[in-house]
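A short write-up of the structure that comes next.
Readers should treat all values here as calculations from the given coordinates under stated rules, not as data from a laboratory. Since the model is a prediction, treat every value here as computed from it, not as a measurement. Cβ placement follows ideal geometry from the backbone for every residue including glycine, while neighbour counts extend to all protein chains displayed.
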Amino acid sequence: MTNSEAAKIVRTILCRGLTIQQTEQIVNAMVPTTVPAGGAVFREEDRAQGLFVLLEGSVEVVKEGGPGGVVVIATVEAPSVLGEMSLITDRPHSATVRARTNCDFRLLTRAQFDRLLQGESLAAYKVVATLADVIAWRLSRMDEKFVELSSRGEYPQPVEELATFKQKLFNEWNY
Amino acid sequence: MSGFEEVNYYFRKAARVMDLSAHVERMLVTPFREVKVDLSITLDNGELGTFIGYRVQHDNSRGPMKGGLRYHPTVDMDEAQGLASLMTWKTAVVNLPFGGAKGGIAVDPKTLSPRELERLTRRFVHQIHDIIGPQRDIPAPDVNTNAQVMAWIMDEYSRMHGFSPAVVTGKPVDLFGSRGREEATGRGAVMALEEYLRDAGLGEVRGKTFAVQGFGNVGSWTSRFLHEKGGKVIAVSDVGGGALNRAGLDITRLLEHARTTRSVAGFPEAEAITNEALLLLDVDVLVPAALGGVINEDNVKEVRAGMVLEAANAPTTPKADEILHQRGVVVLPDIFVNAGGVTVSYFEWAQNIQQFTWEEERITAELARHMREAYATLSRLVRERKVSFRTAAFIVAIGRVGRATVLRGV
């Protein structure tokens, strides 16, 4: 895949606010990488290399060492982004990503990205802004999930159960 | 199915209609307290007699607990549990300020002399005096216990706690008992029937035909009241046999015959009929007033009566009850029909607390009020929710006990 083809994809999925030149700047800083079907893109607990843009192919995100051995959390189809958090934090990968088919990536390493930031690249700052947006969205999703989980026990609390009973007797069955 | 299981069967059926949670169901079924005591006494021959006494206190959310004490070899914790909960529901249906209890002694009283029976009763009071009382738990007569036994309980309890006639009901009229207590269950049963007949547009007792199984306290008083109101009691039976006269039995003369011969069998103005055949007579109202389980899967298909008035406890098995309901035969349930007994026990207790006596007219009027109000509630529920009278009775009871429970707080 040529750089300009890759630039189109990167622009659609990474940052719509980038101009064509800015996109090319980012794409030029990226390294083309291919992973054959069945190979690991990166492994859980590996030190993060950087942001992967999946241009072609399909991968699965798996968690290892759970009670059932390996659990597939998600499958991701191209075009998509993986490991984007590694541009901001040094934490190791929290899951393993395996190629389901032959995959074509562009990798933006942390070192390259830092260089762009040091050079005060507007493109790099736009990417940071996009990532901040993604994180904010994920945080709000997590808040919703938390509220949902904390209000849903397997059994209702005894106090609530009695309140339900009381309501039933005074409203529905008040004879 | 034992009596205990039947109570729970009907309770669960109502709980399902009300869609109660399993936890709430368990809370309502579980007894407040169960007590099992050793009763050792010296027998007349000098030997040591050892017996076991039981008292199950089921629920006190609506007031002091109330229920009979029976002296019978089959008494055990299971039986007492089921009957105690039945008392909770029964007192709630007729809206008495009582909870439910039951107990007794595993003994065949016929094997004891009167002196031994008195010692055993007083021993029982010693063992449970701290959990009974006019504001805690008020025993009453039941199978093989009578006014004399209640008098002993009242005396023994009063020796320990000071003068306390209200600790038991069913006492002799000469010792703080109430007028109208003896006939209360039969009177209440006939009142229940009259309320239903009026409500259903079926007229009155006069001219209707009845078959009454059992001629003990409940059966004989029920027959008498039906007869007095112009009903035609065409058949009556007891353990000795039965009497049938399709033109209607003369109950006054039958009572006299039963008093002298100790059975209704052989009554000159009637032909003989068996207990089994009596249940299958083509009458307007069938009144089982003796044993439990007499209307069951085996004979229910041949029952031809237009309705069943359950004066006895649990005369209809759950399967038979279901079939009668499907056939549209109305069953007025025991938990409501025979609640007249405990209602007049309540009046006795109230008189003892007040140290005041009521005239018989007042007893009858107050009993009628309780039965009438209970019936009106049941009837409204039956119409609005399309359930049987029995399920309605349990729903009313669960509602009243449940509301008291949650208002007081758990």
Worksheet, complete the sentence: Over all viewing directions the Cα convex hull of chain A casts an average projected area in nm² of 14.8
Practice prompt. Would you be so kind as to identify all helices of chain B, as entire DSSP H runs, whose Cα atoms reach 20 Å or more along the helix's own axis and whose mean Kyte-Doolittle hydropathy is at least -0.5?
Written response: B:3-18, B:77-93, B:147-161, B:184-199, B:340-354, B:389-408
Worksheet item: Taking N as the number of residues in region B:256-373, what is its Cα Rg relative to 2.2 N^0.38 Å?
Response: 1.33
Worksheet, complete the sentence: Taking only the alpha carbons of chain B, the radius of gyration and the largest Cα-Cα distance, Dmax, both in angstrom, are 20.9, 65
Fill in: At most 12 other Cβ within 10 Å, DSSP loop - trypsin sites (Lys or Arg not before Pro), region B:306-410
B:Lys386
Practice prompt. Based on the mean of other Cβ atoms within 10 Å per residue, sort peptides B:246-257, B:61-72, B:39-50 so the most packed one is first.
Written response: B:61-72, B:246-257, B:39-50
Response to the item:
In chain A, helical segments from DSSP H whose Cα atoms cover 18 Å or more along their own axis and that average at least 0.0 on the Kyte-Doolittle scale are A:122-150
Fill in: Directionally averaged projected area (convex hull, Cα atoms, the protein assembly as shown), nm²
41.4
Worksheet entry | Where the Cα pairs of region A:1-105 fall when distances are cut into 10 Å bins, in % | 15, 44, 32, 7, 1
Worksheet item: For region B:157-283, what mean projected area does the convex hull of the alpha carbons give, in nm²?
Response: 10.1
Fill in: Over region B:56-196 - Rg/Rh using Cα atoms and the Kirkwood inverse-distance radius
0.97
Worksheet item: Roughly how many Å is it from the Cα centre of region B:311-374 to that of region B:162-228, as a whole number?
Response: 8
Practice prompt. Determine the alpha carbon to alpha carbon distance for each of B:Lys171/B:Lys232; B:Lys102/B:Lys171; B:Lys102/B:Lys208; B:Lys171/B:Lys208 and list only those over 25 Å.
Written response: B:Lys171/B:Lys232; B:Lys102/B:Lys208; B:Lys171/B:Lys208
Discussion item. What's the ranking of A:89-99, B:151-161 by average number of surrounding C-beta atoms within 10 Å, highest first?
Written reply: B:151-161, A:89-99
Worksheet item: Which net charge results for the neighbourhood of B:Glu5, defined as the other residues with beta-carbon distances under 11 angstrom from its beta-carbon, given Lys and Arg at +1 and Asp and Glu at -1?
Response: -2
Worksheet entry | region B:21-92 versus region B:391-410: alpha-carbon centroid distance in Å | 21
Practice prompt. Express the relative contact order of chain B as a whole percentage, based on alpha carbon pairs under 8 Å and six or more residues apart in sequence.
Written response: 16
Worksheet item: What is the mean number of Cβ atoms from other protein chains located within 10 Å of the Cβ atom of each residue in peptide A:163-175, rounded to a whole number?
Response: 6
Worksheet entry | Sequence of A:Leu116, A:Leu149, A:Leu14 once ranked by neighbouring C-beta atoms within 10 Å, starting from the fewest | A:Leu149, A:Leu116, A:Leu14
Worksheet, complete the sentence: With only helices counted (DSSP H, runs n ≥ 4, each -39500 (n - 2.57)), the per-residue ellipticity at 222 nm for the protein assembly as shown, to the nearest 500, works out to -14000 deg cm²/dmol
Worksheet item: From the square roots a ≥ b ≥ c of the eigenvalues of the alpha-carbon gyration tensor of region B:338-410, which class results: rounded (a/c under 1.5), prolate (a/b over b/c), or oblate?
Response: oblate
